[in-house]
Amino acid sequence: MNAATKQVSGNSSQSQGLGERVESLVWSDVDQDLDTYGNAVLPNVLSVEECQRIVSLYENPSVFRSRVVMGRHGFGRGEYQYFKYPLPPMVAALRTLLYARLVSIANRWNEAMRIDVQYPQTLAEFLERCHAAAQTRPTPLLLQYGVGDYNCLHQDLYGEHVFPIQVAILLSKPQTDFTGGEFVLTEQRPRMQSRPEIVPFRQGDAVAFAVNHRPVSGKRGVYRVKLRHGVSRLRSGRRHTLGIIFHDAT
């Protein structure tokens, strides 16, 4: 058992408080929104103090494995850092708790799309599957945007094993810490133009959304639509986001 599977749940007291908040969400509404729109807002997952604590990690290089300046790679403008194992306790707890609630939706989606993959009930088991396929690098990340920064539409695919839902948590306060910087999703349906959507959420809110494909019911049965996500141009201030991706990278 490696550092990732040993430390999936994080500090016990933090896990308890986060666990109560995650469990108090109306998960039937989350399921319905994910099925209907490909995304769902999870309100008040983190407190303002918890958001600020995570933002403060950005200047601590000891907790990250790598830093990416988006402009150097054609990804947009801004930067982000990938956490290293062991993850900070709050990040580890969120990853474990949210996986446990989203895995049933992920398995239902794959069954509907006739994808012959089912996901285990715990994050630790899923990470063992990733690591056996040489996907051993942690993918949770902390993103930072300044004035004029943006994130091009993309998908977070890192290897053979892909969990079909991921989560972003807004750590900054809209209209106070920053303006602009909207979270944008596009959905490409067969033989149709792409459908855009802006997801409004507040500091401490999370949005769960499809990584790649999701099932949609049509007149001839279920078909797949492809999603991409990004962030529009920041008009003022600074914006931080925590990204929770459940599969690890090669």
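The values are calculated or read from the model by the stated rules, or taken from the named source; none is laboratory data. If you're wondering where the values come from, they're calculated on a predicted model, not measured in any experiment. Cβ atoms come from the backbone with ideal geometry, glycine included; neighbour counts cover every protein chain shown. All accessible areas refer to the heavy atoms of the entire protein, side chains included, with ligands and DNA or RNA removed. Shrake-Rupley method; radii C 1.70, N 1.55, O 1.52, S 1.80 Å.
For this structure, a couple of remarks:
- Residue selected from region 103-118 under the condition in a loop (DSSP other than H, G, I, E, B) and open to solvent by 20 Å² or more (accessible area, probe 1.4 Å), by the criterion farthest from Val162 (Cα to Cα): Arg114
- Tally of residues being in contact with a Ser or Thr (Cβ under 7 Å, 6 or more places away or on another chain) and among the acidic types (Asp, Glu) across region 99-145: 1
- Those residues of region 14-72 which are open to solvent by 30 Å² or more (accessible area, probe 1.4 Å), touching a strand residue (DSSP E or B) at 6+ places or on another chain (Cβ under 6 Å) and under 19 Å from Tyr145 (Cβ atoms), in sequence order: Val55, Ser66, Arg67, Val69, Gly71
- Residue match in region 152-171 (condition: of a type outside the set (Phe, Trp, Tyr), open to solvent by 80 Å² or more (accessible area, probe 1.4 Å), farther than 29 Å from Arg129 by Cβ and more than 15 Å from the chain's Cα centre (by Cα)): no
Residue-wise test of (1) closer than 21 Å to Ala92 by Cβ; (2) basic (Lys, Arg); (3) at pLDDT below 95.
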{"position": "Ala134", "(1), (2), (3)": "no, no, no"}
{"position": "Pro140", "(1), (2), (3)": "yes, no, no"}
{"position": "Cys152", "(1), (2), (3)": "no, no, no"}
{"position": "Val162", "(1), (2), (3)": "yes, no, no"}
{"position": "Gln166", "(1), (2), (3)": "yes, no, no"}
{"position": "Asp177", "(1), (2), (3)": "no, no, no"}
{"position": "Ala208", "(1), (2), (3)": "yes, no, no"}
{"position": "Tyr223", "(1), (2), (3)": "no, no, yes"}
{"position": "Val231", "(1), (2), (3)": "no, no, no"}
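- Among the residues listed as Arg202, Arg129, Arg191, the single one being open to solvent by 40 Å² or more (accessible area, probe 1.4 Å), among the basic types (Lys, Arg), closer than 18 Å to Ser232 by Cα and not in a strand (DSSP E or B): Arg202
- Within region 191-248, the set of residues being in contact with a Cys (Cβ under 7 Å, 6 or more places away or on another chain) and over 24 Å from Thr176 (Cβ atoms) comprises His247, Asp248.
- Pairs meeting the criteria (first residue in region 140-164 and touching a residue at least 12 places away in the same chain (Cβ under 8 Å), second residue crowded, with 21+ Cβ neighbours inside 10 Å and among the acidic types (Asp, Glu), beta carbons under 9 Å, at least 6 apart or on different chains) are Tyr158/Asp248; Gly159/Asp248; His161/Asp248.
- With respect to the conditions (1) at pLDDT below 95; (2) under 19 Å from Gly181 (Cα atoms), Tyr80 lacks only one, and its number is (1).
- Close pairs from region 25-49: first within 18 Å of Glu187 (Cα to Cα), partner assigned to a strand (DSSP E or B) and among the small types (Gly, Ala, Ser), Cβ under 7 Å, at least 6 apart: Asp33/Ala40; Leu34/Ala40; Leu34/Ala208; Gly38/Ala210; Asn39/Ala208; Ala40/Ala208
- Among the candidates Val207, Val147, Val162, the residue that is outside any loop (DSSP other than H, G, I, E, B) and among the β-branched types (Val, Ile, Thr) is uniquely Val207.
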